[in-house]
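Structure first, then comments.
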């Protein structure tokens, strides 16, 4: 993919090294604020976290810093114009809220009293996502110091939301309402991770998601299976028949039209995936699973990163207490989620589900379908100029080849792509052992500083190599 | 099936009429005892009910009356030998415990303060089963009075258990332990009903039952469906696939070997069923169901009475709370019940389920199957001499043709058949509107007195026409 990494910039490294202690001191201060968006009692802390960040971004030099109220927790917006009319505009996305955490969950130390140990900083939010937001502050300062600029080489915007850990309920509306202010050529999401400490990677896409609940209603009340069973439709049976019909024998999704438009993996990306040092046994341990199973013809990584899936998240109906109860249940429920890849349309999938369910159920079973929402997939082509800039900057910082991953999950990044019409890139330095959402979350300090260094290189590289679709290429 | 009913015996009728008030007074006294076997706080009442019945059976004339302790609630046994060495031995089965009931469940009157109104007696247990047990007391007295006998024409045994409404947990062991004392040529179960007030019927069989719980275990904990979904087996999906595979497209049970040995309905019985004034719309209202659905090629009555079925009583797995949660669940559970008909073997069905489940599940899904038990089906051929005697006696009492039904449910009657090796007959006068297990349970007093009268005719008829397999026929 790339040639030998460019040599590191000694001015950047020296600048960062000199300020490392102060940078970590500031991050530690931020991590002490328990900005748990899911906990109503922490609403003040989430606001305090936003204010703290806003102050720090002003101190960093961003001339425009705003705290944006939402019906929930506030987001922080910052803007530092380049001054160059040709410069691309970049929007960095992250979040300042964190998952809940309590000592008794299994933390070895207080989750909101950061502890540095063996080159790691332990605290809730250290990796997800405060650490990864914060590396941009020192990064942009190092960029300025090393280049002698007084403003970044790109028009740099930051949008750091406060409800990501609560499902970003107000994020799409916020982005839509502030679309003018957020307008950008490319979005950089710093809320993901790398393959491992030894294998730096950049993520090129996330899957989309649409999920629903299907309620099935049969008899008006639970009825006696001796008196009526086998002669009236059973909603639990019908729920099972729907769930079972989601996949064929090859574990392909059998929903009509589901694969329409799917952007298939090309051989180049399959080959790159296959080169990753993937240990399926280790992966299965992470999955707490005894075996791999999925769509025939694809590897495990391909299945979770690049293939659309249907999953039964929950099923319920009839008697679930101890022992037996010989009833035909009156109702049953299915919770399904569909992960989507580029080329799929969530609304079409929803429509297909609606038609398929209506067509599949016998007389005597009434149903309701509720879709909880839709998050679009996003995927950046491997040769996108902005992606190339991210890769070059990471390779320069890490001194080694950077490989590609995708992310099987789904995130609010897609809202940026949708509303702003900008491609989404992922720049994250977290590693799987960082323990997102788990006790003893930490960030690897050496990797965190590589994040700072990558950010320090990125804006210059991006500006230099930027070739927006609508303007003439600035590089050969 | 039968010719014109024999004329009623005026002596029997006069005897019964004279004692009707006292009989109902006694029954009312018994119904005041809240013998709710499911309620530990009512254990004393259940014991009191047994003692009360034992006293009443002694007063009726049974020379041998015993209260049999069990690890749970006591049963009552009574024996009145005929004195005729050729006489057949009949064991009447019923139960003296009742379902729970509370005024606030929707009762118009106190459930344990019987109220007579418009020819009906309202009380918990009026139909299920105290009324139907109790008609045998006046019945046997009327038999003696009208025939001038001092002992019944058959060796008459009664076994009235105290835990039927709690699933008869100790009944099989009790029957096995007392098999010598309970030995009989035929068992008469008075714990069922008739088609309707206008259509007296006799039930010729009940379905058997075996039910189980299948626990499926996948990932060691709920895992993220974005990171892992579509690449590891999902126990909720596998539970659904099992449940869905229980039936084919014709809604026949698809479990291998399930229909092996099934005694098929013959054309004669199908014709008799078809003659019943069955109103499917009314039946669907009783079922609280909007449509009928079952095994192709059979009517609704055939499906519930004479065909084996598989039913999903409960299914559960994963997230069942409000909203969505994108997990691959760690476990799922299925509760299945199989209704069995004559010729099927519960143990074979269980073995087939075990093999089918083991064969159906993919690697990575561990399972456990627990069978709760097995109740055998029972079926008396339409031309069985004892069944003919029941029909003749009912027709004489009711003054009209008696038709045949079966019962889709399953009951402890099968234990009598199994352990004692005796055919089981059903003599019940309850009607669907009696509200078994429901608020405002009642018994129709006219029908109750028809029960008394039938019992008064039955013992003489049975003795007269008895033709046991092992002894020469006593009738041409």
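Of the residues making up segment A:269-289, those that are out of contact with any helix residue (DSSP H, G or I) (no Cβ under 8 Å at 6 or more places or on another chain) and surrounded by 15 or more Cβ atoms within 10 Å (Cβ to Cβ) are A:272, A:284, A:287, A:288, A:289. In segment B:333-343, what count of residues is obtained for those that are facing chain A (nearest Cβ under 7 Å) and either outside any strand (DSSP E or B) or buried (at least 23 other Cβ atoms within 10 Å of the Cβ) (or both)? Of the residues in segment B:333-343, 3 are facing chain A (nearest Cβ under 7 Å) and either outside any strand (DSSP E or B) or buried (at least 23 other Cβ atoms within 10 Å of the Cβ) (or both).
Residue count for segment B:345-367 satisfying the condition of being touching a residue at least 12 places away in the same chain (Cβ under 8 Å) and either assigned to a helix (DSSP H, G or I) or more than 14 Å from chain A (Cβ to nearest Cβ) (or both): 13.
Which of the residues that make up segment B:227-238 are at the interface with another protein chain (Cβ under 7 Å from one of its Cβ atoms), on the phi < 0 side of the Ramachandran plot and surrounded by 24 or more Cβ atoms within 10 Å (Cβ to Cβ)? Result: B:228, B:229, B:231, B:232, B:234, B:236, B:237. Could you tell me whether residue B:87 is buried (at least 19 other Cβ atoms within 10 Å of the Cβ), farther than 21 Å from residue B:414 by Cβ and assigned by TED's automatic domain parsing to the domain that holds residue B:183? Considered against the rule, which asks whether it is buried (at least 19 other Cβ atoms within 10 Å of the Cβ), farther than 21 Å from residue B:414 by Cβ and assigned by TED's automatic domain parsing to the domain that holds residue B:183, residue B:87 comes out as yes. Considering segment A:397-476, there are no qualifying strands (runs of 3 or more DSSP E) wholly inside with 2 or more residues that are buried (at least 19 other Cβ atoms within 10 Å of the Cβ) and at pLDDT below 85.
Just wondering, is there one or more residues in segment B:60-81 that are at pLDDT 95 or above, part of a helix (DSSP H, G or I) and farther than 30 Å from residue B:403 by Cα? Scanning segment B:60-81 turns up at least one residue that is at pLDDT 95 or above, part of a helix (DSSP H, G or I) and farther than 30 Å from residue B:403 by Cα. Only residues that are in contact with a strand residue (DSSP E or B) (Cβ under 7 Å, 6 or more places away or on another chain) and either outside the structural domain of residue A:149 (by TED's automatic domain parsing) or in a loop (DSSP other than H, G, I, E, B) (or both) were counted across segment A:35-59, and they come to 1. Restricting segment B:295-329 to residues that are at the interface with chain A (Cβ under 7 Å from one of its Cβ atoms) and within 22 Å of the chain's Cα centre (by Cα), the residue that is nearest to residue A:292 (Cα to Cα) is B:312. Restricting B:104, B:110 to those that are out of contact with any strand residue (DSSP E or B) (no Cβ under 9 Å at 6 or more places or on another chain) and either exposed (fewer than 14 other Cβ atoms within 10 Å of the Cβ) or in a helix (DSSP H, G or I) (or both) reduces the list to B:104. Here the condition is being at pLDDT below 95 and either outside the structural domain of residue B:199 (by TED's automatic domain parsing) or closer than 18 Å to residue A:318 by Cα (or both); of B:239, B:287, B:292, it holds for B:287 alone. I want to confirm something. Restricting to segment A:238-272 and keeping residues that are outside any loop (DSSP other than H, G, I, E, B) and without any contact (Cβ under 8 Å) to a residue 40 or more places away in the chain, which single residue is farthest from residue B:284 (Cα to Cα)? For segment A:238-272, the residue satisfying everything is A:271.
When the criteria are applied in full, residue A:196 fails the requirement of being over 30 Å from residue A:347 (Cα atoms) and at the interface with chain B (Cβ under 10 Å from one of its Cβ atoms). Out of B:250, B:215, B:266, B:191, one residue alone is farther than 21 Å from residue A:230 by Cα, surrounded by fewer than 23 Cβ atoms within 10 Å (Cβ to Cβ) and either modelled with pLDDT under 95 or not assigned by TED's automatic domain parsing to the domain that holds residue B:416 (or both). It is B:215. In segment B:278-293, the qualifying residues are those that are in contact (Cβ under 8 Å) with a residue 12 or more places away in the chain and under 22 Å from the mean Cα position of the chain (by Cα), and the one that is farthest from the other protein chains (Cβ to nearest Cβ) is B:278.
Among the residues of segment B:1-30, which ones are out of contact with any helix residue (DSSP H, G or I) (no Cβ under 6 Å at 6 or more places or on another chain) and crowded, with 19+ Cβ neighbours inside 10 Å? Within segment B:1-30, B:24 is the sole residue that qualifies.
The values are calculated or read from the model by the stated rules, or taken from the named source; none is laboratory data. All values derive from a computational prediction rather than experimental measurement. Positions of Cβ are backbone-derived with ideal geometry, glycine not excepted, and every protein chain shown enters the neighbour counts.
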